[in-house]
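Only one structure is covered here, and it is reproduced in the block below.
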Amino acid sequence: MSQTAPGAADRLPLRTKLAFGIGSAAEIIALYAVSSFALIYYNQILGVPAHWIGIAISISLVLDGLTEPLVGSWSDRTRNSKLGRRHPWMYAAPIPIALSFYGIFNPPEGLSPLALTVWCGIFVSLLRQVMTFFHTPHLALGAELSPNYIERSKVMAYNSFFTWAGGSAMSWVAYSYFFPSTPAYPRGLLNPEPWPLFALTMAVTIVVVLFASAWFTRDRIPFLPQPGPDVKKFSAGAFFSDIWKALRNRNYVWLLVGIFFLSMMLGLKEGLRLYTATFYWGLSSEQLRWFVIGSFVGYATAFAFAAKMHGKFDKRGTMVWGAVAYSITTAAPLVAGMMGVLTPQTPNLLMMLIAWSALSYGALSVLQIGAMSALADIADENELRFGVRQEGILYSTRALAAKIDQAIGSLLAGFVLLVVAFPEKATPGAVAGDVLFKLVLWDGVLAAVPGLIAAICYARYNISRDSYEVTRAALMARRAATGSAPASAPVKDPPGVIAATPAE
């Protein structure tokens, strides 16, 4: 049976939440730079057909997604008395991640378009493979830090907020210092010279931040769950057994399917976002960087209120309405553009687009916090049913579904550009109007459909706060009967832990 260490915290100290959260900042710097910049870099700077790069990125996502469950199951069963289940993986990953990231944006000179496509596919695949060794154990660690229903939402709110912080900081630095507008390149992203230095700067940042997250959460290791004496070592049989147990949970399956469709939407929109902003709205790098304001407002609002919303409306309700709101708010300005209500000449267009982005990012963050917190509750259900804790396998198979669907989204983005006949090395202001109309039709209306399907799936998830408390009480009773330590045992808490209050 899985054992929960004595003194597991209901409420965690601020430094632990911060240390956990910053890990997601480095993750998103690497992954967001690839999803947002790799397509436009290889297509518009290097002249590779967009659908070729879409295929390369999609293949890398599928290959990476297949390793996620392996790492999740292996980390669940890792035995290390000094470093616990998650930290050995988190210490090993940062340097390979940074080297792979640097390679993506530094292909050798003189390669043909086909060779560049292969190079992109190999290095994006390497990045995602080694990122798995940090990403999955890191998320599993967040699920283990507290057994409290609302505190888990707070932990994942830090994860969501720092995801915003990493992506926004990377974007701001990129647009402001690496790709500013110049007389030769009014759209700075189309300037080929800054890309190698940009990649080196981000790679160094990734190493430092990932190591910091692992190092400053190491004091929690003695208080985290460890594999029980009856839990077998990792093997092929144990791996498939873990997958089967996870997929037998109805709540998990619906959550997984919802994440699948949401990821399709995100993958498609991320692939088309810079094309729409640059060629449809006519925004410069200096203007694009101000979208950090909208994303900050959205993520900060979710950070402040998501846990409170879970307490009042439960996690299912916030996930459903978060998916609906995200689908509508991302489509609205583009639909207004298709109808002629908004044009690149509209006064205060930038501020309007930023306001819409604040709404969409807020909805997305609330949705993501709910889904990530819900996975921790599912881990308790599975422990009660099967006698093992499966944070690693649950978060990894969630990542598998998300990455396979992001692969489909990236593939669709490349083929959308092919279908609408978007020109390579295009000049802003010179792209045909019918091409731009078809582009925003895909990025606006059609991309919202998977998000609405996701909302239907989230509505089928049925763990409430009341049912969770029943599960937790049953777990505590069983642990007491078998002599294992309950999550809220009356022993000394880890340093800095605050006792949970009834009001939570």
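The values are calculated or read from the model by the stated rules, or taken from the named source; none is laboratory data. From a predicted model like this one, the values you see are computed outputs, not experimental measurements. FYI the Cβ positions are ideal-geometry reconstructions off the backbone, even for glycines, and counts take in every protein chain you see.
Among the residues of the range 220-234, those identified as out of contact with any Lys or Arg (no Cβ under 9 Å at 6 or more places or on another chain) and farther than 16 Å from GLU383 by Cα are ARG220, PRO222, PHE223. With the structure loaded, tell me whether GLY282 is farther than 22 Å from TYR461 by Cα, buried (at least 21 other Cβ atoms within 10 Å of the Cβ) and of a type outside the set (Lys, Arg) or whether it fails that test. So GLY282 fails the test. For the range 368-378, the condition of being outside any helix (DSSP H, G or I), at pLDDT below 90 and within 28 Å of LEU66 (Cβ to Cβ) holds for none of the residues.
Name the single residue, out of those in the range 452-502 being among the basic types (Lys, Arg) and modelled with pLDDT of 55 or more, that is surrounded by the fewest Cβ atoms within 10 Å (Cβ to Cβ). So the residue we want is ARG465.
Quick grid of which residues meet (1) in a loop (DSSP other than H, G, I, E, B); (2) among the aliphatic types (A, V, I, L, M); (3) touching a residue at least 60 places away in the same chain (Cβ under 8 Å):
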position	(1), (2), (3)
TYR299	no, no, yes
LYS308	no, no, no
GLY311	no, no, yes
ASP314	no, no, yes
LEU342	yes, yes, no
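Of everything in the range 154-207 that is free of Cβ contacts under 8 Å to residues at least 40 places away in the same chain and either in a helix (DSSP H, G or I) or of a type in the set (A, V, I, L, M, F, W, C) (or both), the residue that is surrounded by the fewest Cβ atoms within 10 Å (Cβ to Cβ) is ALA184. Within the range 415-437, residues that are within 15 Å of LEU39 (Cβ to Cβ) and touching a residue at least 40 places away in the same chain (Cβ under 8 Å) sit with their Cβ atoms under 9 Å from residues that are among the charged types (D, E, K, R) and not in a loop (DSSP other than H, G, I, E, B), at 6+ positions apart or across chains, in these pairs: VAL416/LYS438; VAL416/ASP443; PHE422/LYS438.
For the range 419-427, the criterion of being outside any loop (DSSP other than H, G, I, E, B) and within 29 Å of LEU61 (Cβ to Cβ) is satisfied by at least one residue.
For the range 50-89, filtered to residues that are polar (S, T, N, Q) and assigned to a helix (DSSP H, G or I), the residue that is surrounded by the fewest Cβ atoms within 10 Å (Cβ to Cβ) is THR67.
If the condition is being surrounded by fewer than 16 Cβ atoms within 10 Å (Cβ to Cβ) and either of a type in the set (D, E, K, R) or within 20 Å of the chain's Cα centre (by Cα) (or both), then the range 208-217 contributes only VAL208. Of the listed requirements (1) of a type in the set (A, V, I, L, M, F, W, C); (2) under 19 Å from SER410 (Cα atoms); (3) at pLDDT 90 or above, ILE259 misses just one: (3). Scanning the range 221-246 for residues that are over 16 Å from GLU391 (Cβ atoms) and either part of a loop (DSSP other than H, G, I, E, B) or touching a residue at least 40 places away in the same chain (Cβ under 8 Å) (or both) returns PRO222, PRO229, ASP230, LYS232, LYS233, SER235.
Taking the condition more than 22 Å from PRO186 (Cα to Cα) and at pLDDT below 90, does VAL449 pass? Reasoning before the result, please.
Values: more than 22 Å from PRO186 (Cα to Cα): yes; at pLDDT below 90: no.
Answer is no for this residue.
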